[in-house]
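Read through the structure below, which is laid out as C-alpha cells, and then see the notes.
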Amino acid sequence: MNRILICLALFPLLCSCATSQNSPANGIDTVPKPGILVELFTSEGCSSCPPADELLRQLDAQADKTKQQIVVLSEHVDYWDHDGWRDRFSSRDYTDRQEEYARRFHTEGPYTPEMVVDGHTEFTGNDAARLQAALRQSAANAKSALAITAQELNPAEALIHLKAAALPSGSKHADLYVAVADNHDETQVGGGENSGRTLRHVAVLRSLQKVGRVGAEGDEKDVKIHLPKSGTPANLRIIAFLQESDDGAVVGAAMKALGEPIR
C-alpha cells in the first residue's frame, strides 16, 4: 500500500474515533479524552521496518489534527544490532517488553515490525488494515482519562503531575508508566539491511519506567523524570499510560510535548 492509500484509509477512521468520544455540547473539552496506545517494535537493522515506521509517522501526524487522542510509541529492539548496524535507539529493555507481549499473545517469539494496540491486539507493523480494525476496537472500549501537566522543566529533568480518572468498570488496579520519547529522529544508515538509506522515526522511546499503581477510583501524583542527555526538551514528549498487570490491557494513555508552554 502506498503512502496516499494509507492516508486515505486512516484519516476517516481517526475522524470516526473522534466523534465516538463524549464531547460537551459547547464543543469545549473540560476533561482529557481517553487515549489509545499504539506501540511499534522496530529496528534500523530490519529492512521490513521502514514501511511500518512511515505508517506510524502518518498516524502520529493525523492524530494531531483530530479530537481523538492516539498516542504512538516507537520501541527499538536490540536483536538486530549484530547484523551489520547498531541501532542507536535500541535497548534490551524494549526487547524484554516485546518478549512479554509474545508470552501474552502466545506467538512464536518477538519479530519486527510488530504493532501492539492497547496491549491487547498485535499484528505485522506495516498492515494498515489491521491497524484500522484495532483502532476501531479500542475506540469502543471503556478507558480511564489520564492528564499530564508539566510543572517544572530544565534540560536535565522535568517534574510532571499525572492525574488518572477512575478505571473502567471491572478494573481493580493498573500500573502507571511514564515514557520519554523523541518527537522526531533521522538516521543515515551505514550498514546492515538498510545500508545507504535515510530512516525517519517518530516518538522514539528513550526511557520507560513504572512509577506506581492506580486503584479503581483513580489517583494523581507528581513524578520527576530524567531527560536524555542527547535530547533537547523541544524535541521531547512525555507519554503516560495505564496497563493492567494481569492481562496487559492498556486502559488509558496520554501524551504531552515538552515544547508546549508549561501550564
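No lab work stands behind these numbers, since they all come straight from the coordinates. Here the structure is a predicted model, which is why all the values come from computation and not from measurement. Note: ideal-geometry Cβ built from the backbone for every residue, glycine included; neighbour counts use all protein chains shown.
For the stretch 202-263 versus the stretch 76-150, the spacing of their alpha-carbon centroids is 16 Å. Summarising the label geometry, the points placed 7 Å from Cα in the beta-carbon direction at Val211 and Asp83 lie 3.6 nm from one another. Listing Arg237, Arg103, Arg197 from fewest to most neighbouring C-beta atoms within 10 Å gives Arg103, Arg197, Arg237.
Ordering His201, His161, His106 from the fewest to the most neighbouring beta carbons within 10 Å gives His106, His161, His201.
List, in the order given, every pair from Lys143/Lys229; Lys33/Lys229; Lys33/Lys210 whose Cα-Cα distance in the structure shown is over 27 Å. Provide the component values of the computation, followed by the final result.
Working: Lys143/Lys229 34 Å; Lys33/Lys229 32 Å; Lys33/Lys210 22 Å.
Exceeds cut-off: Lys143/Lys229; Lys33/Lys229.
Let me check I've understood the local charge: for His82, count other residues with C-beta under 14 angstrom from its C-beta, Lys and Arg +1, Asp and Glu -1. What total comes out? Walk me through the numbers before you get to the answer.
Details: positive: Arg86, Arg92; negative: Glu44, Asp78, Asp81, Asp83, Asp87, Glu193.
That sum, taken over residues with Cβ under 14 Å, equals -4.
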